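Report on the following structure.
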Ligand code: PMP
Ligand code: GLN
């Protein structure tokens, strides 16, 4: 029999699924896969239930229900001062994962180079490659996660079609500064390149930091496809409602990909997300402040236990160095060991690198109830015989 698609046949199951399964198997506290313990805002879920009952449930428009496209445009104006035409510049997708795939398929021709920054979210590379793109990887490393400007500049060539920027960034928790974004914007202009901006954690920047969309910088409005996700903004990761904003010339080809990937997304969920995006400022600041407190709870505990806890400027995630434990093995081994022996699950940071990445760091998710975080910490304290 002929082999199936070589790219996908050769891929393993995502590290998030693997670790979540292992956590269930060992009744471990799962601080691996990034999903909140909570169930999202009650009013947003109530609206989804009401819309499910009262509104049509047949195919919504391919670009998304007008209410949500209008809400995405209004949100861009409210938070970033971006002037977005909801009819021609917004597309609703089934999560950011689909949005990213549609953007890559819409932008990339076989042979085009795509600049990506490691550590990177695991869906980027397979899809860029499936589109025929040639990944040019630039590496950022812990503990500082500094943007390697020289390497980044060297990765751009006349063949660069696009760069992928994830800010706030998973798993590093880095929030790109205006200066870093300006550096990237200059490279894009010099090389006539586009950017796919993965901004799913846009509302999760901490300590008074403001998330800056690359799209807001001079000359970037026509060059960026900006991706958001209701999963993160409303703590409803199972809903898989995403949105892309971009100039018609680049959004249209992404829409052509979207029409053959999923075509549409459940209409009641879209309408409920439209309602959610209109919530008052208090909702968005409480979301970030709540997570900031959870970050501190977990970071303080991990530090007391001897982990080298790195700074987390945004997202759901803390990365921590486990060198001090004198463990013989890499981060993948350590995550397995923590799950099976201590009953706490994390994600190896090397999973966000192609080839050999840094292998003494693991990622913990803190988007959990305080009780879950405390239970994880006390299990670790007990196992390692350390006081909290
Ligand atoms: N990008 C990043 C950086 C992520 O961490 C995730 C995971 N939630 C996604 C995209 C995918 O988002 P969604 O669940 O909306 O597909
Ligand atoms: N974004 C989530 C994380 O980084 C996982 C999403 C997934 O499981 N595909 O943990």
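Read-outs: derived from the displayed coordinates by stated rules, not from any lab. Remember, it's a predicted structure, so these values are computed and weren't measured experimentally. Backbone-built Cβ (ideal geometry, glycine too); neighbour counts: all protein chains shown.
Rounded to the nearest 500, the 222 nm mean residue ellipticity of the chain from helices alone is -12500 deg cm²/dmol, with -39,500 (n - 2.57) taken per DSSP H run of at least 4 residues.
Here r is the Cβ-Cβ distance between residue 158 and residue 259 and R0 is 30 Å; the resulting FRET efficiency, rounded to 0.05, is 0.45. Taking the centroid of alpha carbons for each part, the range 1-37 and the range 189-262 are 25 Å apart. Take every DSSP beta bridge whose two residues both sit in the range 80-199; close to 0 percent of them are antiparallel.
Given springs between every Cα pair under 10 Å in a Gaussian network model of the chain, which of 371, 131, 74 has the largest fluctuation? With Cα springs under 10 Å in the chain, the top fluctuation among 371, 131, 74 is at 371. Full extension of the chain segment joining residue 388 with residue 57 gains 114.0 nm, where the gain is 0.36 nm per residue of separation less the Cα-Cα distance. Could you give me the percent of Cα pairs per 10 Å distance bin for the range 305-388, shortest bin first, beginning at zero and ending with the bin that holds the maximum distance? Percent of Cα pairs in each bin: 17, 53, 27, 2.
Using just the alpha carbons, could you tell me how many Å³ per residue the convex hull of the chain encloses?
Values: hull volume 58.4 nm³, N = 388.
Dividing the Cα hull volume of the chain by its residues yields 150 Å³.
A simple spin-label model places pseudo-atoms 7 Å from Cα toward Cβ; at residue 149 and residue 182 they are separated by 1.0 nm. Rg over Rh for the range 1-106 works out to 1.07, using Cα positions for both radii and the Kirkwood form for Rh. Kirkwood hydrodynamic radius computed over the range 104-198 comes to 13.3 Å, based on all pairs of distinct alpha carbons.
How high is the relative contact order of the chain, in percent, counting Cα pairs under 8 Å that sit 6 or more residues apart? With pairs under 8 Å counted, the relative contact order is 24 percent.
Express in nm, to one decimal, how much length is gained between residue 77 and residue 14 on full extension, taking 0.36 nm for each residue of separation and deducting their alpha carbon distance. Working shown, then result.
Working: separation 63, 0.36 × 63 = 22.68 nm, distance 3.55 nm.
In short, 19.1 nm is gained.
Per residue, the average separation of C-alpha pairs within less than 8 Å and at least 6 apart gives the range 183-332 a relative contact order of 20 percent. Looking at the range 42-281 alone, DSSP beta bridges between its own residues are antiparallel in about 30 percent of cases. How high is the FRET efficiency from residue 381 to residue 333, r the C-beta distance, R0 22 Å, rounded to 0.05? Efficiency computed from Cβ-Cβ geometry: 0.55.
Could you tell me the center-to-center distance, by alpha carbons, between the range 135-155 and the range 319-388 in angstrom? When both Cα centres are located, 25 Å separates them. In plain terms, the chain from residue 281 to residue 374 could stretch by 30.5 nm, reckoned as 0.36 nm per residue minus the Cα-Cα distance.
Nearest 0.05, what FRET efficiency do residue 293 and residue 130 give at R0 = 45 Å with Cβ-Cβ as r? Don't skip to the end; give the middle numbers.
Working: r = 40 Å, r/R0 = 0.90.
The formula returns an efficiency of 0.65 here.
Modelled spin-label separation between residue 304 and residue 1, with each label point placed 7 Å from Cα along the Cα-to-Cβ direction: 5.5 nm. Pairing the Cα long axis of helix 281-304 with the longest principal axis of the chain, what angle in degrees results, from 0 to 90 and rounded to the nearest 10? Helix 281-304 sits roughly 30 degrees off the main axis of the chain. Counting every C-alpha pair in the range 256-333, the share spaced more than 20 angstrom apart comes to 60%.
With just the Cα atoms defining each centre, how far is the range 275-301 from the range 165-184? Give it in Å. Each part reduced to its Cα centre gives a spacing of 20 Å.
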